[in-house]
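A quick write-up on the structure given underneath.
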2 protein chains.
Amino acid sequence: MQKQQAVILVSGGMDSCVTAAIAHKSYRLAFLHVTYGQRTEQRELLAFTQIADFYKVEDRLTVNLQHLKFIGGSSLTDETMPIPECGFLQSKPGCTASAIPSTYVPFRNAHLLCSATSWAEVLKATKIFIGAVEEDSSGYPDCREIFYQAFNKAIEMGTRPETHVEIVTPLIHMKKSDIVRMGVELGAPLHLTWSCYQQCEKACGKCESCVLRLKGFEGAGVKDPIPYDTQIKGVLTDLR
Amino acid sequence: MQKQQAVILVSGGMDSCVTAAIAHKSYRLAFLHVTYGQRTEQRELLAFTQIADFYKVEDRLTVNLQHLKFIGGSSLTDETMPIPECGFLQSKPGCTASAIPSTYVPFRNAHLLCSATSWAEVLKATKIFIGAVEEDSSGYPDCREIFYQAFNKAIEMGTRPETHVEIVTPLIHMKKSDIVRMGVELGAPLHLTWSCYQQCEKACGKCESCVLRLKGFEGAGVKDPIPYDTQIKGVLTDLR
């Protein structure tokens with residue numbers, strides 16, 4: 001019997017790559033990538049394509065949500081706003097106003113889930129996998145499990161009665177170091193991933209995404225296989 | 001004291017026009033229009049602009065969700081699928097598989113709400129008005145009040161803690177004829193609206209959207225001010 005299909009949201013970063021590796025065990029994969037005018041979108045798209053090739057994924061879709069750039073409100077899409085460096089890690093965990101960094105794109109993950117849901121409904125896929133991580137997510141409200149639970153209810157109410165699509169968040173309560181370990185264990189192509197918010201040739205090693213990633217590799221005792229612009233040793237020292 | 005701001009989803013159709021007229025009483029208006037490769041999008045955009053001019057709306061945004069066309073699954077965006085004529089009205093009301101016509105765009109209204117929510121979060125608007133109508137909505141699952149209730153929860157969970165945005169659906173339990181009456185009462189510019197799914201110069205009078213609209217005007221005892229391609233009399237006779 002053919003496996004059921006699942007739509008995997010693949011940014012090209014480490015978390016989505018490990019999520020794809022998890023889903024690959026039980027589902028036929030359909031890969032969905034979203035660009036929205038983020039600074040490093042070409043590099044992310046390359047990572048997406050290479051990970052899709054790695055898993056021999058036939059159903060691939062890239063959607064352009066460029067209206068997120070026009071709507072604005074985030075340093076990730078607005079080049080007049082600076083990308084914060086790792087000082088953001090000093091803010092308290094949890095979801096208070098001050099804890100949410102400027103890279104938060106208002107309600108972004110809901111847009112991703114909408115595209116995934118519409119596509120899943122057309123493909124008759126039964127799951128949507130997203131590599132959201134609650135603890136390490138810089139306090140983004142749309143990375144919390146309660147958000148995905150609420151969104152699942154919206155999917156149930158807003159799709160055809162014969163459609164049964166559910167969001168799955170296998171990494172939601174994992175630490176970045178556990179994600180690295182799991183990726184290694186599952187043979188996920190971490191060398192093909194890209195996480196940096198700032199640069200495209202070598203990762204900057206300084207933006208919040210790089211810092212979280214490096215911290216994860218350090219915690220797992222694994223060397224990050226991608227190239228960095230700075231001395232990783234130095235970056236890691238800053239974190240202690 | 002300045003009024004609070006509300007984002008109004010304005011397709012350019014009659015329902016969104018009357019919704020704008022309702023919101024206009026209590027809020028500063030921000031108008032959001034969405035194109036997604038529907039056949040009549042230029043005509044709808046004209047209606048949007050003219051209604052925005054009528055209400056002297058300063059904050060206007062048009063977002064292009066063309067990925068809905070690529071995702072497919074609807075006769076509204078796929079020109080190889082025929083638009084059903086009014087025979088669809090014979091299907092049972094309620095949300096069973098067979099009752100949902102091919103014009104349903106999978107999970108479409110969720111995409112509209114996502115754009116509205118992101119924009120509302122940036123504008124610090126407190127309400128999102130959408131002219132969804134449950135009874136006359138051809139059984140679309142994303143036109144039901146329970147869907148909007150579920151989506152409100154997703155907004156609460158997925159936005160900044162200081163963001164308080166709520167979806168308002170003032171027409172949800174109204175009949176089309178009551179909407180026409182309310183539009184007339186509030187002085188809504190119904191003559192600027194466009195509902196036809198099929199044509200741009202004169203409304204076809206036959207597609208489900210035209211038929212529902214004409215039925216509404218007939219029920220309200222008001223002449224529809226827009227031009228039709230067919231003898232309206234004949235169309236209405238078919239409905240009895």
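Annotations
- Qualifying residues in region A:137-146 (those that are at the interface with another protein chain (Cβ under 7 Å from one of its Cβ atoms) and out of contact with any Phe, Trp or Tyr (no Cβ under 9 Å at 6 or more places or on another chain)) - the one surrounded by the most Cβ atoms within 10 Å (Cβ to Cβ): A:ARG144
- B:ALA20 vs. criteria among the hydrophobic types (A, V, I, L, M, F, W, C), closer than 28 Å to A:ASN64 by Cβ and in contact (Cβ under 8 Å) with a residue 12 or more places away in the chain: no
- Filtered by the rule that a residue be surrounded by 23 or more Cβ atoms within 10 Å (Cβ to Cβ) and within 23 Å of A:ALA21 (Cα to Cα), region A:147-164 gives a lone residue, A:TYR148.
- Within region B:136-183, the only residue that satisfies the criterion of being farther than 23 Å from B:TYR27 by Cβ, outside any loop (DSSP other than H, G, I, E, B) and of a type in the set (Ser, Thr, Tyr) is B:SER177.
- Qualifying residues in region A:1-57 (those that are touching a Lys or Arg at 6+ places or on another chain (Cβ under 9 Å), of a type in the set (A, V, I, L, M, F, W, C) and assigned to a helix (DSSP H, G or I)) - the one nearest to A:THR163 (Cα to Cα): A:ALA23
- In the set (1) on the phi < 0 side of the Ramachandran plot; (2) at pLDDT 95 or above; (3) surrounded by fewer than 21 Cβ atoms within 10 Å (Cβ to Cβ), B:ILE167 fails one condition alone, (3).
- Residues being at the interface with chain B (Cβ under 7 Å from one of its Cβ atoms) and hydrophobic (A, V, I, L, M, F, W, C) - total across region A:147-179: 5
- Residues that are free of Cβ contacts under 8 Å to residues at least 40 places away in the same chain and buried (at least 21 other Cβ atoms within 10 Å of the Cβ) within region B:193-203 comprise just one, B:ALA203.
- Qualifying residue in region A:59-70 (condition: away from chain B (no Cβ under 14 Å) and either without any contact (Cβ under 8 Å) to a residue 24 or more places away in the chain or surrounded by fewer than 22 Cβ atoms within 10 Å (Cβ to Cβ) (or both)): no
The values are calculated or read from the model by the stated rules, or taken from the named source; none is laboratory data. Note that the structure is a prediction, hence the values are computed from the model and not measured. Here Cβ is always computed from backbone atoms with ideal geometry, including for glycine, and neighbour counts include all displayed protein chains.
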